[in-house]
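Following: one structure in structure tokens, then a few remarks.
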Amino acid sequence: MAPRKIIIDTDPGQDDAIAILAAFGSPELDVLGITAVAGNVPLPLTELNARKLCELAGRPETKVFAGCARPMVRDLVTAEEVHGKTGLDGPDLPDPTMPLQPEHAVDWIIDTLMTEPAGTVTLCPLGPLTNIAMAMVKEPAIVPRIEEIVLMGGGYFEGGNTTPAAEFNIYVDPHAAHVVFASGVKLTKAPLDVTHKALMNRKFIEDLRALGTPVGIASAQMLDFYERFDMERYGQDGGPLHDPCVIAFLLKPDLFVGKQCAVQIDIHSELSMGATLVDWWGQTDRPKNCFVLNRVDAEGFFALMLERLARL
Ligand code: RIB
Ligand code: CA
């Protein structure tokens, strides 16, 4: 079976990093390119981190593009308190020698979707949805050509992690999320309701370190740094590994349980801006536009992540 063609849109971010590395360690996936977006840290750092990760994975031939430097309407909000000032605090990764592609990420997403056979490319957004929404606005013809969008974002039963109502990726660019969720594209999302059930433990991090490879050691160093924030906030014995849930769903969807629901984004209220309003109980006749994941086999998820990173 031919590998599934994917574009990873990302704001690395330690959890983005594990997702990117897992994708590179999975022959079932063909990473056509990586598009960076402003989110956890500003764009100059997210694109730099994306290239650092490609070289860490031994994939310097990967095309990396810089996308949007700010959300569509609101000012950029970043998360250095979680990810550190570099966005990838933990390991000391060397500056990349591989080039940043000259084309803007939004234009490359459009060109790729218009060139590849319709319905053969899956988009995997791991950060704010600015690049994806801007591509849809600039060239609406791409929407029916997208095979599926599988993203990390939102929270419903779990609430938010940036405000009481909103999760970071959606909160940073709620208008972009509105464009994507209203587009009619085939959509699956991994919200906090599922990622907060994928809590790392010390064994997972030590198993990564015990690989003894540059990827294993650097990943352990990233997660040592990254997990402290959520452990302090939630008082649990491990932080949630958000973005890798997207890649795990592509590889082994049976690890997850979800439900097709109507999901809308609050873009009106300052109190709940960026909230993902999930009609979980089918109380409205709104279109069921999103497959919402809410349970995961955590043991199977972490075993899969370790096994894929071990291949690099
Ligand atoms: O809320 C978690 C999400 O926000 C993850 O994608 C993390 O990397 C940050 O971007
Ligand atoms: Ca992210």
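Look at (1) within 16 Å of ligand 1 (Cβ to nearest atom); (2) surrounded by fewer than 24 Cβ atoms within 10 Å (Cβ to Cβ); (3) not basic (Lys, Arg) and you find that Cys54 fails only one, number (1). Could we say that Gly282 is surrounded by 18 or more Cβ atoms within 10 Å (Cβ to Cβ) and out of contact with any Asp or Glu (no Cβ under 6 Å at 6 or more places or on another chain) here? Here the answer is no, as Gly282 does not meet what is asked.
Taken as a whole, the condition of being small (Gly, Ala, Ser), surrounded by 15 or more Cβ atoms within 10 Å (Cβ to Cβ) and at positive phi applies to Gly274. Scanning the range 6-51 for residues that are under 17 Å from Phe249 (Cβ atoms), in contact with a helix residue (DSSP H, G or I) (Cβ under 9 Å, 6 or more places away or on another chain) and not hydrophobic (A, V, I, L, M, F, W, C) yields a total of 7. For the range 1-30, filtered to residues that are within 17 Å of Val64 (Cα to Cα) and more than 16 Å from ligand 2 (Cβ to nearest atom), the residue that is surrounded by the most Cβ atoms within 10 Å (Cβ to Cβ) is Phe24. Here the condition is being modelled with pLDDT of 95 or more, within 16 Å of ligand 1 (Cβ to nearest atom) and crowded, with 23+ Cβ neighbours inside 10 Å; of Ala69, Ala38, it holds for Ala38 alone. Looking at the range 264-274, is at least one residue free of Cβ contacts under 8 Å to residues at least 40 places away in the same chain and either part of a helix (DSSP H, G or I) or touching a strand residue (DSSP E or B) at 6+ places or on another chain (Cβ under 7 Å) (or both)? Looking through the range 264-274, none of the residues is free of Cβ contacts under 8 Å to residues at least 40 places away in the same chain and either part of a helix (DSSP H, G or I) or touching a strand residue (DSSP E or B) at 6+ places or on another chain (Cβ under 7 Å) (or both). One residue alone among Thr130, Thr78, Thr120 is over 28 Å from Tyr171 (Cα atoms) and either at pLDDT 95 or above or of a type in the set (Gly, Ala, Ser) (or both), and that residue is Thr120. Just so you know, in the range 65-91 the residues that are among the β-branched types (Val, Ile, Thr) and part of a loop (DSSP other than H, G, I, E, B) include one that is nearest to Ile132 (Cα to Cα), and it is Val73. Among the numbered conditions (1) touching a residue at least 60 places away in the same chain (Cβ under 8 Å); (2) touching a Cys at 6+ places or on another chain (Cβ under 8 Å); (3) not basic (Lys, Arg), the only one that Pro60 does not meet is (1). Selection of the range 286-312 for residues being without any contact (Cβ under 8 Å) to a residue 40 or more places away in the chain and in contact with a Pro (Cβ under 9 Å, 6 or more places away or on another chain) yields an empty set. Applying the set (1) closer than 22 Å to Val82 by Cβ; (2) at pLDDT 95 or above to Ala262 leaves exactly one unmet item: (1). Looking at Thr163, Thr188, just one residue is outside any strand (DSSP E or B), more than 10 Å from ligand 1 (Cβ to nearest atom) and surrounded by fewer than 24 Cβ atoms within 10 Å (Cβ to Cβ), and that residue is Thr163.
The values are calculated or read from the model by the stated rules, or taken from the named source; none is laboratory data. No experiment lies behind these values; they were computed from the predicted model shown. Glycine also receives a Cβ, built like all others from the backbone with ideal geometry; neighbour counts cover every protein chain displayed.
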